[in-house]
Amino acid sequence: MSKKVLITGGTGYIASHTCVALIEQGVTPILVDDLSNSSKLVLSRIQELTGVLPVFYQGSILDKVLLAKIFAEHPEIEAVMHFAGLKAVGESVEKPLAYYQCNVAGTLNLVEAMQAAGVKQLIFSSSATVYGDPASVPIEESFPTSATNPYGWSKWMVERCLMDFQAAQPDWSITLLRYFNPVGNHPSGRLGEDPQGIPNNLVPYIAQVAIGRREQLSVFGSDYNTPDGTGVRDYIHVVDLAQGHLAALTYASPKAGCHIYNLGTGQGYSVLEMIQAFEKASGRAVPYVLAPRRPGDIAECWATPEKAKRELHWQATRTLDEMARDTWTWQENNPMGYEPQ
Ligand code: NAD
Ligand code: UDP
């Protein structure tokens, strides 16, 4: 029988790509999502790509009864990949309680439900945001952690809770995956990132400018101490990130302990370089204006991915051009994102 893994936030952007990667390797994902930031259509798209329609529970990780029911109905679940959460930095400043409730309390519910069910392997979606404003780049896992907004603190707190919990329960395996900047889409153009309202992140914003949904991009800051003055980030193709989860499930999850990995490429690109890559991939102009720095932004952020390479036998292989190409394929095929349900 194939390995079963519970995927919280399963219809979301990164989780949906991870589900495809898992199914392709014979793992059976079971999804739970409250659809607060995703579409049910994702399920049929996963089926289209893999031939498998995953089992899906619509509901919240804040619902303890639902979590108990899922584990009771699937006693073979061996591990949990925990993607569910709220992720908009600006919104987290306005609604901190909602962020702590969903991200922190939701994770505690999940861990309690796992404990009651005897499931002891957890892979958590953390973020490079826990490094705050790093003293230097590239960033190693051993760097001090901090945060600059409630979203970042919620990730920081969950990491803290999980580390303390694992220390008290040494037979558990907890893997904290610190993602850098996930971008791109499944190359088929059938799965993608579908932000609601005005995109907060660079790449979906560029894609919407290129398709004509928005007039121009504001480049936040052109006076940073970087080669062209704009912010530099470690963009990682979401399919590489999905493969990273599979590697964590294979190599880290079976080992008791608390495991921490950066998932990035180790290569930084500037905002202007991303615009150029996108213009090349789409054949369209991406008009932009140079605007003031966005509060809370840092100049540079990129990873040392060596630990993941060494221990998870994983590394990102997809290039900036592939990230831009696949984002464009998705945008062209789904100009308004997933259709409303
Ligand atoms: P996403 O919004 O596409 O996916 C999150 C999913 O969780 C959504 O489908 C949403 O409906 C669901 N969800 C939210 N609250 C829920 C709840 N209470 N119960 C059940 N489902 C709930 O976001 P994503 O970009 O795929 O991010 C996935 C995870 O990775 C998040 O935890 C995010 O913080 C983390 N992360 C994302 C990035 C990024 O840039 N995208 C970077 C670092 C970390
Ligand atoms: N950025 C920008 N214009 C936008 C959105 C983002 O210039 O409309 C810049 C931002 O200042 C940062 C980079 O793009 O240097 C990546 O930002 P994003 O929000 O995608 O990710 P972050 O690294 O902030 O999590």
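The values are calculated or read from the model by the stated rules, or taken from the named source; none is laboratory data. Since this is a predicted model, take the numbers as computed values, not measurements. Ideal geometry is used to build each Cβ from the backbone, glycine not excepted, and the neighbour counts take in all protein chains shown. The accessibility values were calculated without ligands, DNA or RNA, using every heavy atom of the protein model including side chains. Shrake-Rupley method; radii C 1.70, N 1.55, O 1.52, S 1.80 Å.
In region 87-210, if the dipole is taken from +1 on Lys/Arg beta carbons and -1 on Asp/Glu beta carbons about the Cα centre, which of Tyr99, Gly192, Leu110 is farthest to the positive end?
Working it through, the farthest residue towards the positive pole turns out to be Gly192.
How much FRET efficiency would the formula 1/(1 + (r/R0)^6) give for Gln276 and Glu306, where r is the Cβ-Cβ distance and R0 is 45 Å, rounded to 0.05?
According to the calculation, E is roughly 0.95.
Amide H of Ile139 versus every other amide H placed in the peptide plane: which residues, excluding those fewer than 5 positions away on the same chain, fall under 5 Å?
Counting only residues 5 or more places away or on other chains, the set is Trp302, Ala303, Thr304.
For helix 320-333, what angle does its Cα long axis make with the longest principal axis of the chain, in degrees from 0 to 90 and rounded to 10?
Helix 320-333 and the main axis of the chain meet at about 80 degrees.
Quick one: putting +1 on the C-beta of Lys and Arg, -1 on the C-beta of Asp and Glu, what dipole do you get for the chain around its Cα centre, in Debye to the nearest 20?
My answer is approximately 280 debye.
Kindly sort Leu290, Leu241, Leu35 by accessible area of their heavy atoms, largest first, with the probe set to 1.4 Å.
Heavy-atom accessible area, descending, gives Leu290, Leu35, Leu241.
Given points 7 Å out from each Cα along the Cα-Cβ axis, report the Gln267 to Glu78 separation in nanometres with one decimal.
Placing both labels 7 Å along Cα→Cβ, they lie 3.4 nm apart.
Please get the size of the charge dipole for region 166-249, origin at its Cα centre, with Cβ charges of +1 on Lys and Arg and -1 on Asp and Glu, quoted in debye to the nearest 20.
180
Using 0.36 nm times the number of residues separating Leu97 and Ala299, minus their current alpha carbon distance, what extension gain do you get?
69.9 nm
By its C-alpha gyration tensor, with a ≥ b ≥ c as the square roots of the eigenvalues, how is region 29-83 shaped: rounded for a/c under 1.5, else prolate for a/b larger than b/c, else oblate?
Verdict is oblate for region 29-83.
Is the shape of region 178-254 best called rounded, prolate or oblate, per the rule: a/c under 1.5 gives rounded, else a/b larger than b/c gives prolate, else oblate, with a ≥ b ≥ c the square roots of the Cα gyration tensor eigenvalues?
oblate
Taking the Cβ of Gly229 as the center, what net charge do the other residues with Cβ under 11 Å away carry, scoring Lys and Arg +1 and Asp and Glu -1?
Here the charged neighbours net out to -1.
What's the extension gain from Leu35 to Lys64 if we count 0.36 nm per residue and subtract their Cα-Cα distance?
Length gained, Leu35 through Lys64: 8.7 nm.
What nm value, rounded to one decimal, do you get for the distance between Asp133 and Asn201 when each label is placed 7 Å out toward the C-beta?
2.4
How much accessible area per residue does region 66-148 have, counting only protein heavy atoms and a probe of 1.4 Å, in square angstrom?
Each residue of region 66-148 exposes 43 Å² on average to a 1.4 Å probe.
Among 36-42, 183-189, what's the highest-first ranking by average C-beta atoms within 10 angstrom per residue? Walk me through the numbers on the way to the answer.
Values: 36-42: 18.1, 183-189: 21.1.
Highest to lowest by the protection proxy: 183-189, 36-42.
Cα atoms only, region 186-341: Rg and Dmax in Å?
Looking at region 186-341, its Cα Rg and Dmax stand at 16.9, 51 Å.
Take the Cβ-Cβ distance between Asn225 and Thr317 as r, set R0 to 30 Å, and report the resulting FRET efficiency rounded to the nearest 0.05.
The formula returns an efficiency of 0.50 here.
The chain: percent of C-alpha pairs farther apart than 30 Å?
31
Quick one: go through region 63-88 and flag any residue whose amide nitrogen is under 12 Å from the point 7 Å out along the Cα-to-Cβ line of Ala116.
Within reach of a label on Ala116: 63-73.
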